[in-house]
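Inspection log for the structure reproduced underneath, given as structure tokens.
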Amino acid sequence: MMFAVVRIRGGIKVNYKIKDTLTMLRLTRINHCVVVDKDPKIEGMIRKVKDFVTWGDISEATLAKLVASRGRMEGDKRLDDKQAKDVIDAFRKNKIDEVKGFKLVFRMSPPRKGYEGVKNPYPKGALGYRGEKINELLERMM
């Protein structure tokens with residue numbers, strides 16, 4: 001299983017520990033998305049920045065669509081079909097670091113019809129753990 005993590009809030013007047021954790025997660029800007037393994041260390045980092053991000057369990061279909069539409073190689077080049085399949089296989093095998101030149105951050109658009117609110121946790125707002133509902137948010141952002 002993997003998590004999709006999307007940054008929702010900016011970084012003005014943020015504690016340096018939280019800012020460093022966001023940088024380690026490669027979430028340097030709003031609407032950036034990363035796909036990470038379900039690992040207790042990573043989950044701890046995500047919980048530390050829970051007031052700035054939303055995350056959930058990404059499905060195989062959404063991952064394939066995300067890589068095909070928003071995946072980029074170095075130089076901001078789009079992926080062709082063969083490269084996209086290689087990247088998806090690397091995600092499945094947890095060997096994404098072996099794909100040379102692939103950018104691990106997906107630059108997303110703001111979601112259609114907007115966020116639910118950027119200051120409250122998920123059922124009332126957009127922050128925090130969403131579970132399977134992250135797939136719906138990513139669909140709106142692609």
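The values are calculated or read from the model by the stated rules, or taken from the named source; none is laboratory data. Predicted model, so just to flag it, every value in this text is computed and none were measured. Heads up, the Cβs are rebuilt from the backbone with ideal geometry, glycines too, and the neighbour counts pull from every protein chain shown.
Quick look at the values:
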| read-out | value |
| --- | --- |
| Residue in segment 103-126 that is charged (D, E, K, R), touching a Cys at 6+ places or on another chain (Cβ under 8 Å) and outside any strand (DSSP E or B) present | no |
| Neighbours by Cβ (under 9 Å, 6+ apart or cross-chain): first from segment 53-71, more than 18 Å from D89 (Cβ to Cβ); second among the polar types (S, T, N, Q) and surrounded by fewer than 21 Cβ atoms within 10 Å (Cβ to Cβ) | G56/N135; D57/N135 |
| Test for G10: is it among the small types (G, A, S) and touching a residue at least 12 places away in the same chain (Cβ under 8 Å) | yes |
| In segment 54-82, the residues that are under 22 Å from R29 (Cα atoms), assigned to a helix (DSSP H, G or I) and out of contact with any Lys or Arg (no Cβ under 8 Å at 6 or more places or on another chain) | T62, L63, K65, L66, V67, A68, S69 |
| The listed residue being at pLDDT below 95, within 21 Å of I8 (Cβ to Cβ) and more than 13 Å from the chain's Cα centre (by Cα), out of S69, S59 | S69 |
| Tally, over segment 1-25, of residues that are aromatic (F, W, Y) and more than 30 Å from E60 (Cβ to Cβ) | 1 |
| Those residues of segment 1-29 which are within 21 Å of M141 (Cβ to Cβ) and assigned to a loop (DSSP other than H, G, I, E, B), in sequence order | M1, I8, R9, G10, G11, L25, R26, L27, T28, R29 |
| Selection within segment 86-142 - at positive phi and touching a strand residue (DSSP E or B) at 6+ places or on another chain (Cβ under 7 Å) | N94, G101, G128, G131 |
| Residues being surrounded by 15 or more Cβ atoms within 10 Å (Cβ to Cβ), part of a strand (DSSP E or B) and not aliphatic (A, V, I, L, M) - total across segment 30-53 | 2 |
| Residue list for segment 109-118, restricted to those being of a type in the set (D, E, K, R) and modelled with pLDDT of 90 or more | R112, K113 |
| Some residue of segment 45-59 being touching a helix residue (DSSP H, G or I) at 6+ places or on another chain (Cβ under 6 Å) and of a type in the set (S, T, N, Q) | yes |
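Residues checked against (1) of a type outside the set (D, E); (2) more than 21 Å from P121 (Cβ to Cβ); (3) touching a strand residue (DSSP E or B) at 6+ places or on another chain (Cβ under 9 Å):
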site	(1), (2), (3)
V6	yes, no, yes
R9	yes, no, yes
V14	yes, no, no
V36	yes, no, yes
K41	yes, yes, no
T62	yes, yes, yes
E74	no, yes, yes
